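Let me begin by presenting the structure, written as structure tokens, before commenting on it.
The values are calculated or read from the model by the stated rules, or taken from the named source; none is laboratory data. Being a predicted model, the structure only gives us computed values, none of them experimental. Every residue, glycine among them, receives a Cβ derived from its backbone with ideal geometry; neighbour counts consider all protein chains shown. Accessible surface areas use protein heavy atoms only, side chains included; no ligands, DNA or RNA. Shrake-Rupley method; radii C 1.70, N 1.55, O 1.52, S 1.80 Å.
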Amino acid sequence: MSERFDFTGDELAPAYRAAVDAIEAGDLVVFPTDTVYGLAADAFKADAVQRLLDAKGRGRDVPPPVLISVVESLDALATDVPDNGRKLCEEFWPGPLTVICHAQTSLMWDLGETQGTVALRVPAHENTRELLSRTGPLAVSAANRSGRPAALDVYDAEEQLGDSVAVYLDGGEATAGEPSTIVDLTTDTPRVVRVGAISLEQLRAIVPEVVGESGDSAEPTPEQSPEPEDKLDEKADEKAEDKVEDKAEDKAEDKAEDKVEDKVDEEKPDETVGDEPTEAPAAASKQNEAQTTDPDVRPGD
């Protein structure tokens with residue numbers, strides 16, 4: 001028989017106690033996260049993890065992610081985390097970022113067919129992080145039956161999962177409603193597996209080399225990617241041609257100015273009238289001179 005507890009306000013002791021007892025007994029717990037409601041089991045109890053997969057109607061080929069309470073737990077569970085991946089964790093944790101890493105080989109757990117990897121996340125939900133600090137790492141997937149939408153409140157989760165869950169923690173409606181963004185850190189270059197609450201642009205603002213879902217990489221800047229030699233040659237030729245054209249235009253303009261000055265000289269009188277010299281007729285307006293200017297340059301949780 002399932003129990004439901006209020007997971008809001010200041011009186012959380014009964015909720016924490018019931019959830020911790022359930023996890024230690026190998027049972028399942030549902031609680032809110034910063035994205036959607038999660039279905040949790042002790043990550044180090046293989047039978048509990050299998051119970052989680054059965055409740056969802058999911059096979060071992062889709063292992064659940066693991067939620068941890070603090071960023072510092074990353075190295076306890078994962079190994080060979082690249083520096084650029086670590087930057088993403090430091091920037092977006094706690095938050096809706098799930099990272100796939102190489103799992104520590106010394107860990108005694110069975111999450112399913114993980115191929116030696118583990119998906120980790122620190123949720124941005126204060127009460128849930130406090131629960132995680134009491135239980136330790138939890139295998140957590142979205143609180144829903146496989147193929148159905150993730151639950152956004154405890155009642156939806158309860159309707160889908162029923163008595164397969166021992167404890168339901170009611171934290172109100174999950175306002176985000178969008179799953180986490182998943183990034184694979186098992187290679188030197190982070191690769192987005194699923195875009196969720198964190199966009200590709202946000203990831204690239206921290207680590208520009210992040211590869212998108214379709215395999216596309218960030219557009220190189222001129223500083224990152226010099227122009228090919230043939231392009232440089234074309235620009236040099238264009239520059240040389242511009243100089244030749246400029247000289248020809250200057251020469252033509254000089255000739256035109258000389259003709260105007262000669263004509264003015266011919267029409268200029270030799271005598272003055274009265275006390276003021278006679279002004280020569282205004283010269284013809286000059287042609288407009290050509291001016292050149294330089295161009296300015298993211299599993300169902």
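Is it the case that segment 138-160 has a residue that's aromatic (Phe, Trp, Tyr), closer than 24 Å to residue 27 by Cβ and open to solvent by 10 Å² or more (accessible area, probe 1.4 Å)? If you could, list the steps in order and put the result at the bottom.
Restricting attention to segment 138-160, the residues satisfying the condition of being aromatic (Phe, Trp, Tyr) are 155.
Then keep just the ones that are closer than 24 Å to residue 27 by Cβ; that gives 155.
Then drop every residue that is not open to solvent by 10 Å² or more (accessible area, probe 1.4 Å), which leaves 155.
Yes, the conditions are met somewhere in segment 138-160.
The numbered conditions (1) farther than 28 Å from residue 15 by Cα; (2) not in a strand (DSSP E or B) are all true for residue 110 except (1).
For every residue, the table says whether it meets (1) part of a helix (DSSP H, G or I); (2) surrounded by 18 or more Cβ atoms within 10 Å (Cβ to Cβ).
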| site | (1), (2) |
| --- | --- |
| 10 | no, no |
| 15 | yes, yes |
| 20 | yes, no |
| 31 | no, yes |
| 39 | no, yes |
| 60 | no, no |
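Might you let me know whether segment 181-188 holds any residue that is at pLDDT 95 or above, surrounded by fewer than 19 Cβ atoms within 10 Å (Cβ to Cβ), of a type outside the set (Val, Ile, Thr) and out of contact with any strand residue (DSSP E or B) (no Cβ under 7 Å at 6 or more places or on another chain)? Scanning segment 181-188 turns up no residue that is at pLDDT 95 or above, surrounded by fewer than 19 Cβ atoms within 10 Å (Cβ to Cβ), of a type outside the set (Val, Ile, Thr) and out of contact with any strand residue (DSSP E or B) (no Cβ under 7 Å at 6 or more places or on another chain). For residue 219, the requirement of being modelled with pLDDT of 65 or more and open to solvent by 60 Å² or more (accessible area, probe 1.4 Å) is not met. Cβ-Cβ contacts under 6 Å between residues 6 or more apart (or on different chains), taken from a first residue in segment 155-169 that is within 14 Å of residue 142 (Cβ to Cβ) to a second residue that is open to solvent by 50 Å² or more (accessible area, probe 1.4 Å), are listed as 160/145. If the condition is being within 17 Å of residue 193 (Cα to Cα), hydrophobic (A, V, I, L, M, F, W, C) and open to solvent by 20 Å² or more (accessible area, probe 1.4 Å), then segment 82-111 contributes 92, 100.
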